[in-house]
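Colleague: This is the structure I want to talk about, given as structure tokens.
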């Protein structure tokens, strides 16, 4: 029964991403800044680092499935989030094999992962012709606020996921 909790958490995060910025007070919104919640991606980082073992790739599978769901629900182009999430989570899964799993590593992987996934998504949207934002403006008004907001989310959910995911991972092996 425990193996249904992670997809359920990811699905709830997928739903709440769409209304996340609407429920914030208007004073918190940063003028011209465009914040994109990547809560599913943050949770996938936790799955890759805390839940997956060296020979399991649940995080990559979840990245493919939930990336496709994000594409279907929130974007008009299929495969952008699916591809981006899966590739970056696969890289994070590989990197975590050489790093210890504590909060500083998870924050570092979160920052690097968010920078890579946001840049990859923006590059794909630019190539396809959906977005034409200049890189300087993109960095100042979207990339940095998005990374900062998502790292705050990572710090908020860290105590809970850090407790649950390793426990669920060891229960799966029994």
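The values are calculated or read from the model by the stated rules, or taken from the named source; none is laboratory data. Here the structure is a predicted model, which means the values were calculated and not measured. FYI the Cβ positions are ideal-geometry reconstructions off the backbone, even for glycines, and counts take in every protein chain you see.
Colleague: Please enumerate the residues belonging to the range 120-129 that are in a helix (DSSP H, G or I) and surrounded by fewer than 16 Cβ atoms within 10 Å (Cβ to Cβ).
Modeller: Answer for the range 120-129, where residues must be in a helix (DSSP H, G or I) and surrounded by fewer than 16 Cβ atoms within 10 Å (Cβ to Cβ): 123, 126, 127, 128.
Colleague: Of all residues in the range 91-104, which are at pLDDT below 90 and farther than 24 Å from residue 167 by Cβ?
Modeller: none
Colleague: Residue 138: under 19 Å from residue 47 (Cβ atoms) and assigned to a helix (DSSP H, G or I), yes or no?
Modeller: Here the answer is no, as residue 138 does not meet what is asked.
Colleague: Are there any pairs, at least 6 apart or on different chains, whose C-beta atoms fall under 7 Å, with the first in the range 3-15 and at negative phi and surrounded by fewer than 17 Cβ atoms within 10 Å (Cβ to Cβ) and the second modelled with pLDDT under 95 and assigned to a helix (DSSP H, G or I), and if so, which?
Modeller: 3/172; 5/168
Colleague: Going by the structure shown, is residue 154 surrounded by 12 or more Cβ atoms within 10 Å (Cβ to Cβ), under 18 Å from residue 37 (Cβ atoms) and touching a helix residue (DSSP H, G or I) at 6+ places or on another chain (Cβ under 9 Å)?
Modeller: In short, yes.
Residue by residue, here is whether (1) in contact with a helix residue (DSSP H, G or I) (Cβ under 9 Å, 6 or more places away or on another chain); (2) within 30 Å of residue 170 (Cβ to Cβ); (3) modelled with pLDDT under 90 holds:
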site	(1), (2), (3)
50	yes, yes, no
62	yes, yes, no
85	yes, yes, no
89	yes, yes, no
111	yes, yes, no
114	yes, yes, no
131	yes, no, yes
143	yes, no, no
149	no, no, no
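Colleague: Mind checking whether some residue in the range 135-147 is within 19 Å of residue 62 (Cα to Cα) and either touching a strand residue (DSSP E or B) at 6+ places or on another chain (Cβ under 6 Å) or buried (at least 18 other Cβ atoms within 10 Å of the Cβ) (or both)?
Modeller: no
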